[in-house]
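Notes for the one structure printed next.
The values are calculated or read from the model by the stated rules, or taken from the named source; none is laboratory data. Given the structure is predicted, the values throughout are model-derived calculations rather than measurements. Glycine also receives a Cβ, built like all others from the backbone with ideal geometry; neighbour counts cover every protein chain displayed.
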Amino acid sequence: MAEHMRIMLPGPTPCPDEVLRALSRPMINHRGPEFVKIVNACTEGVKWLYQTKNDLLTLTTSGTGAMESAVVNVLSPGDKVLALVSGEFGKRFAAIARAYGADVDALEVPYGEPVTPEIVASKLDEGTRYAAVLLTHNETSTALLNPIAAIARVIRERLPDTLILVDAVSGMGTAPLPADELDLDVVVAGAQKAFMLPPGLAFASVSPRAWEAYQHAKMPRFYFDYGKARDFLAKGQTPWTPAISLFFGLEVAVRLLREEGLDGIFKRHERLMRMVRAGARGLGLKLVVSEERYASRAVTGIYAPEGMDPAVLRKTLQARFGYVVAGGQGPLTSTIFRVGHLGYYDEADMLGLIAALEATLVSLGEDVTPGAGVAAAQAELMPTKAMAW
Ligand SMILES: Cc1ncc(COP(=O)(O)O)c(C=O)c1O
């Protein structure tokens, strides 16, 4: 039985030692000057990752809370909303808007396929004036990266004043999502993903267009009131008692991210994604998302071999090697497993996972060529694939 647990989930993700040490600092006064400095450093750091000059609010909540905050702060009951749905999290965004009384049209694509700008264009060309469009950047349930820049462009060309609300809970920090350049109104992200923190903090960027909508929005709000958060942020505080320890960790995490640089962060995630995809293919396994341009940089969805229960595969992998990978969600539950590679991971983590997966498949009676998965993953590391070490 493996005792060393190696989580490879699409959140929560591992935390660097330096972050873990920061989390154990003694409490301070969240209304005192020391905390003000931390809030300001964290806010600047997260804005850097978001590539935004808009207001950036840090909420003590999970990603779903931040999604709810986006809806309730800018919309009113009865507002027409278009939800672009490519998986379970897209459905959740639509469900939140419905729960607060929005009139939601859901545009759903088959699981594993992206929302394309063409589909969005033809939907918008039907002529409905939507108050907001809800998008998922990285659809974690199907391990899919939506072409968000192209989608945002199509929306803006047709509906210049419509709010674009983006669930980037798992995508922020894995693939470029320049909030200002794409003219996105509210973009939410979660700490337990590429931010390398434990769960408990979430972020929301708020554009001038979103603040204008906030003035007239009638959905009920209290804890998540952006206006209160903005007023307190001006003093370097939060309206309610925040998860102080997580702010300690976030200050360190954003420093580490800045040291790596945006380009380094995005290239690393892309490389790890390529390694896992190549490794899985080398083992003869089928990927949920076939086209690389739509492959999530955060998580890879892989079909278990024909006739094998992915739950058995995951259980065996964990029992023997300690690797904890995620199951499928919704209609993919009984067929796929998902390997997280967002946040604090490197190439050696991926090589280890692929090697362990290979041994697990062999132990479950699969006919795989020994070393084929690792060789394929390793090849992604080489300057040219033909070159040997
Ligand atoms: C794309 C996406 N949206 C929303 C969520 C929900 O976040 P949380 O579980 O932190 O509420 C997740 C969590 O995995 C996610 O991946």
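Some observations on this one:
- Boolean, Leu250 is touching a helix residue (DSSP H, G or I) at 6+ places or on another chain (Cβ under 7 Å), assigned to a helix (DSSP H, G or I) and in the same structural domain as Gly65 (by TED's automatic domain parsing): yes
- Qualifying residue in the range 252-261 (condition: in contact with a Ser or Thr (Cβ under 8 Å, 6 or more places away or on another chain), modelled with pLDDT of 95 or more and on the phi < 0 side of the Ramachandran plot): no
- Arg281, sole failed condition from (1) under 19 Å from the mean Cα position of the chain (by Cα); (2) surrounded by fewer than 18 Cβ atoms within 10 Å (Cβ to Cβ): (1)
- Annotation note: of Val299, Val288, Val325, Val276, the sole residue that is β-branched (Val, Ile, Thr), under 18 Å from the mean Cα position of the chain (by Cα) and over 30 Å from Val254 (Cα atoms) is Val288.
- Summed over the range 134-163, residues that are within 16 Å of the ligand (Cβ to nearest atom) and not acidic (Asp, Glu) total 15.
- Pairs with Cβ under 6 Å, 6+ apart, first in the range 191-202 and within 16 Å of His137 (Cα to Cα) and at pLDDT 95 or above, second aliphatic (A, V, I, L, M) and within 9 Å of the ligand (Cβ to nearest atom): Ala202/Ala66
- Looking across the range 65-93, just one residue is part of a helix (DSSP H, G or I), among the small types (Gly, Ala, Ser) and under 10 Å from Ala106 (Cα atoms), and that is Gly90.
- Count of the range 183-237 residues which are among the acidic types (Asp, Glu) and crowded, with 17+ Cβ neighbours inside 10 Å: 1
- Which numbered condition Val339 misses (of (1) within 27 Å of Leu381 (Cα to Cα); (2) surrounded by fewer than 23 Cβ atoms within 10 Å (Cβ to Cβ)): (2)
- Selection count, the range 164-178, where residues are within 19 Å of Glu68 (Cβ to Cβ) and away from the ligand (no atom under 11 Å from the Cβ): 2
- Among residues of the range 47-70, those that are more than 15 Å from the ligand (Cβ to nearest atom), hydrophobic (A, V, I, L, M, F, W, C) and touching a strand residue (DSSP E or B) at 6+ places or on another chain (Cβ under 8 Å), counted: 3
- Residue count for the range 71-114, restricted to those that are away from the ligand (no atom under 16 Å from the Cβ), of a type in the set (Phe, Trp, Tyr) and surrounded by 22 or more Cβ atoms within 10 Å (Cβ to Cβ): 0.
Every residue, every condition in (1) in a loop (DSSP other than H, G, I, E, B); (2) closer than 27 Å to Ser76 by Cβ; (3) not basic (Lys, Arg), yes or no:
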{"position": "Pro114", "(1), (2), (3)": "yes, no, yes"}
{"position": "Ala121", "(1), (2), (3)": "no, yes, yes"}
{"position": "Glu126", "(1), (2), (3)": "yes, yes, yes"}
{"position": "Arg129", "(1), (2), (3)": "yes, yes, no"}
{"position": "Leu134", "(1), (2), (3)": "no, yes, yes"}
{"position": "Ile151", "(1), (2), (3)": "no, yes, yes"}
{"position": "Arg156", "(1), (2), (3)": "no, yes, no"}
{"position": "Pro160", "(1), (2), (3)": "yes, yes, yes"}
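- Among the residues of the range 188-208, just one is more than 12 Å from the ligand (Cβ to nearest atom) and closer than 22 Å to His341 by Cβ, namely Met196.
- Considering the range 274-372, there are no qualifying strands (runs of 3 or more DSSP E) wholly inside with 2 or more residues that are out of contact with any strand residue (DSSP E or B) (no Cβ under 6 Å at 6 or more places or on another chain).
- Scanning the range 359-373 for residues that are at negative phi and either surrounded by fewer than 22 Cβ atoms within 10 Å (Cβ to Cβ) or in contact with a Phe, Trp or Tyr (Cβ under 9 Å, 6 or more places away or on another chain) (or both) gives Ala359, Thr360, Val362, Ser363, Leu364, Glu366, Asp367, Val368, Thr369, Pro370, Ala372.
- Test: residue in the range 52-70 that is exposed (fewer than 15 other Cβ atoms within 10 Å of the Cβ) and either more than 22 Å from the chain's Cα centre (by Cα) or in contact (Cβ under 8 Å) with a residue 24 or more places away in the chain (or both): yes
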